[in-house]
Amino acid sequence: MDLRDGDFSATVSAQTLELTSLRLTGVEFVHGGGKTATEKTALDKTGWQHSEIVIYPTVGPCPQGALLALGHKASLGSHGIARHGVWNERAHDSRTAHLAFQYLPHEPLLNTKSPPLPATEPRALSWPYAFTITQTYTIARHALHVIFTINNDDKRAQPYRFGWQQAFRTDEHTKIVVRDGAKVVKTLSMKQIEEASKGTHGFVVEHAEIELRRRDGSVFVRHDFGKTALWRPGEVPMVCIEPITHAADNAAELTSANAHILQPAAHATYHVRIELSAPLPAASAGLPATVQKIPLQ
């Protein structure tokens, strides 16, 4: 599924339903780990073998592969169950692609991570509540908008933590700039993120404006999840930018004290906006004007 707005384009794989490409004037910014085996280049085969995953209903690993959700037992691996489900394409055109994943209570799902699985990754996964997640990609005004809607299809309130993990290509010059509007909060090297990623949580910042700066251009990510995790699996030419509602903390139970609660028939919506730019002049330290003036929605 190819989406295009002039020289700005995106590809959602029709086979894996992952965002596997994001290009400006032909320059690629997304890590292609989520492509099919026949589509992958040698660079795509290096590092994480996904381009993106949806994180639900928890963020990070579960102690011994299980937790309680408002008193109901769940069997979950790292980042929950949505990443292992069968997503379906609902519709697409030249500017928009709609995907969805529907889950029934206690429906067993196979853990799709590569074996051998550690104790925190059970082979059979399940969640005690019904839900549907829709994911919509739209290209407009030289930006990619990604909208997620979580619908509680259950008769009971359900707790959740939510996130989206998207992988981007890096080069030897890449740095991550964390921003609060025009203010630069901190600048991180790939080595710093790699070291933090040797734990279970990666590098988590309490900000939702991230710039990935390469020699040949930059990626600007804004979102309304609340926090951002940064993860790099070793010395590889990629890094993940992960909007998340909650940081990973090895919680043994999800309650109203440490998770959001979605009431029956209610829904929650989250937005991500991604912009690309050509290399900025050395004297330019701010975000492009469009990032400041155009809302997420």
Quick one: which of K35/K227; K73/K155; K35/K191 span more than 24 angstrom between C-alpha atoms? K35/K227; K35/K191
Per DSSP H run of n ≥ 4, the term is -39500 (n - 2.57); total these for the chain, divide by its residue number, and report the mean residue ellipticity at 222 nm rounded to 500 deg cm²/dmol. -1000 deg cm²/dmol
Dipole of region 2-293, positive end: most advanced residue of V54, N111, A182 [Cβ charges, Cα centre]: A182
Can you figure out the FRET efficiency of E195 with H173, using R₀ = 22 Å and their beta-carbon distance, to the nearest 0.05? 0.75
Pick out, from H271, L125, A82, the residue whose Cα sits farthest towards the positive end of the charge dipole of the chain, with +1 on the Cβ of Lys and Arg and -1 on the Cβ of Asp and Glu. H271
About its Cα centre, the chain carries a charge dipole, from +1 on Lys and Arg Cβ atoms and -1 on Asp and Glu Cβ atoms, whose size in debye to the nearest 20 is 220
Equivalent-ellipsoid semi-axes (√(5λ), Cα gyration tensor) for the chain, whole Å, largest first? 30, 21, 19
For region 263-280 and region 171-230, what is the separation of their Cα centres, given in Å? 16
Those GluC sites (Glu not before Pro) from region 187-241 that are DSSP loop and have at most 12 other Cβ neighbours within 10 Å turn out to be E206, E235
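We did not get these values from a lab; they are worked out from the coordinates using the rules stated. Fair warning: this is a prediction, and the values are worked out from it, not measured in the lab. Don't worry about glycine lacking a Cβ; one is built from the backbone with ideal geometry, like all the others, and counts go over all protein chains shown.
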